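Below is one structure, written out as structure tokens; comments come after it.
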Amino acid sequence: MSRASRARSEERVGRQGGRGVRVATLAVLAAVAGSAAGCVTEAGPSLTVVSWGGSYARACVLGYHERFTAETGIEIRLESYNGGLAQVRAQVETGNVHWDVVDVEIADAVSGCDEGILEPIDPAMLPAAPDGTPAADDFFPAALTECAVGTSFFSTIYAYHPERFPDEPPATIDDFFDLERFPGRRGMRRVPHVNLEFALIADGVPVDEVYTTLDTPEGVARAFRKLDTVKDEVVWWEAGAQPPQMLADGEVVMSTAYNGRIFNAQVAENQPFVIVWDGQVYDVGPLAIVAGTPNLEAARRFLAFASTPESMARVGSYISYSPARRSGVPLITTHAETGIEMDPHMPLTPEHLTRALANDWEWWSDHADEMNERFSAWLAQ
């Protein structure tokens, strides 16, 4: 989204700044229901929801998918993908839309909105907070855009297996790039997003200057030079389930990863992985509706249900992702299955924010194509 578009979006949702109970389900549904919709089969109406798979998808199913179906009778057909807009774009351009709701990265949500391949979202369709605060004022900044509704905050961190470093463990993002003190293979996602930010922070750029540095050709070149220092030792990953598996198998000694995936490996699989929060890049995960879906009203109902504070909190009780609404934060206490305290595992816990960077989705929506092309060329070198 251009900066002008962003301004229009912010005016529309009326956000008032700041970061980050019960909403009666029937009231939520009444606000957005319209007529019952959805792809009707012999088994009844359904929606196809596309997400990231693994422990996050499971948290969403337990957090609100099943409850949505119980309340509305609309079945959820869950599919997985690795991100990007290519499949959404192809469906819209051919008029063969078979995805209804997609869990996207926010830069893609903004770009897809500008392209017209995602449906606009009216904040008035979203449920108010339990105290009556309008939804637009209850969401944290950047969690609402013209065509997407944020549901949780997640973080890209790096993690390591402690057995690989019995004497001196890595503690900063700088250590991830230090092959001399911490030898071994690294795992990194095969995209420029976050890798460029990590590289600059590790190269000494203050977190509040990362995107102004990337705004210059010299800054981009500096980021790639830093990536050059580890390139020969990198194992590239694409799906969020890969980093914990690579760590467990010993394929890498440390890897960038989504914090929730590492958390799941820790609590559900008893893996001893350690998260390094220094230099983390945190972001919001939004839901968007594919333009031209024949199930528009059902999709809107689903978004409204997913965006209640209770739905967000239930997801955060299964995986360590923070709610995108202020009123949802105090609803999370312990893990739904193990009973452990969740606060130490959340990306926005104060002690984890000492040297943390908020993803600048505006910068990426303006520069994603250029950076993707440059990154692909760099990989091929």
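The values are calculated or read from the model by the stated rules, or taken from the named source; none is laboratory data. In this text, all values refer to a predicted model and were calculated from it rather than measured experimentally. Using ideal geometry, Cβ is built from the backbone for each residue, glycine included, and neighbour counts are taken over all protein chains shown. Surface accessibility is based on the protein's heavy atoms, side chains included, excluding ligands, DNA and RNA. Shrake-Rupley method; radii C 1.70, N 1.55, O 1.52, S 1.80 Å.
General observations
- Projected over all directions and averaged, the alpha-carbon convex hull of the stretch 241-363 occupies 9.8 nm².
- Taking 0.36 nm per residue of separation and subtracting the current Cα-Cα distance, fully stretching the chain between Ala239 and Leu78 would add 56.3 nm.
- Extension gain from Thr338 to Thr216, taking 0.36 nm per residue of separation minus the Cα-Cα distance: 39.2 nm
- Å³ per residue enclosed by the Cα convex hull of the chain: 139
- For the chain, the 222 nm mean residue ellipticity estimated from helices alone, with every DSSP H stretch of n ≥ 4 adding -39500 (n - 2.57) and the total spread over all residues, rounds to -10500 deg cm²/dmol.
- Cβ-Cβ distance of Ala377 and Gln271, R₀ of 35 Å, FRET efficiency by 1/(1 + (r/R0)^6): the value works out to about 0.45.
- Placing unit charges on the Cβ atoms of the charged side chains and taking the dipole of the stretch 42-122 about its Cα centre, the candidate lying farthest along the positive direction among Leu85, Cys113, Gly73 is Gly73.
- Highest mean first, the peptides 49-55, 268-274 sorted by other C-beta atoms within 10 Å per residue fall in the order 49-55, 268-274.
- Rotationally averaged projected area of the stretch 153-221 (alpha carbon convex hull; nm²): 5.8
- Between Thr349 and Asp208, the FRET efficiency from the beta-carbon distance, with R0 = 25 Å, is close to 0.80.
- Think of a 1.4 Å ball rolled over the protein heavy atoms: the chain then has 40 Å² of accessible area per residue.
- When you count the other C-beta atoms within 10 angstrom of each residue and take the mean per peptide, 190-198, 129-137, 96-104 line up highest first as 190-198, 96-104, 129-137.
- What you get for the stretch 79-128, charging only the Cβ of Lys and Arg (+1) and of Asp and Glu (-1), is a dipole of about 40 debye around the Cα centre.
- Taking all C-alpha pairs of the stretch 183-261, those more than 17 Å from each other amount to 47 percent.
- Where labels lie 7 Å past Cα in the beta-carbon direction, separation of Asp228 and Glu93 in nm: 3.5
- Based on Cα contacts under 8 Å between residues 6+ apart, the stretch 237-381 shows a relative contact order of 22 percent.
- 20 °C / 1.002 mPa s Stokes-Einstein diffusion coefficient of the stretch 143-191, Kirkwood radius on C-alpha pairs, µm²/s: 156
- Once all protein chains are placed together, Glu238 keeps about 100 Å² accessible to a 1.4 angstrom probe.
- Around the amide H of Thr145, modelled in the peptide plane, lie the amide H atoms of Gly150, all under 5 Å away and 5 or more residues distant in sequence or on another chain.
- What you get for the chain, charging only the Cβ of Lys and Arg (+1) and of Asp and Glu (-1), is a dipole of about 600 debye around the Cα centre.
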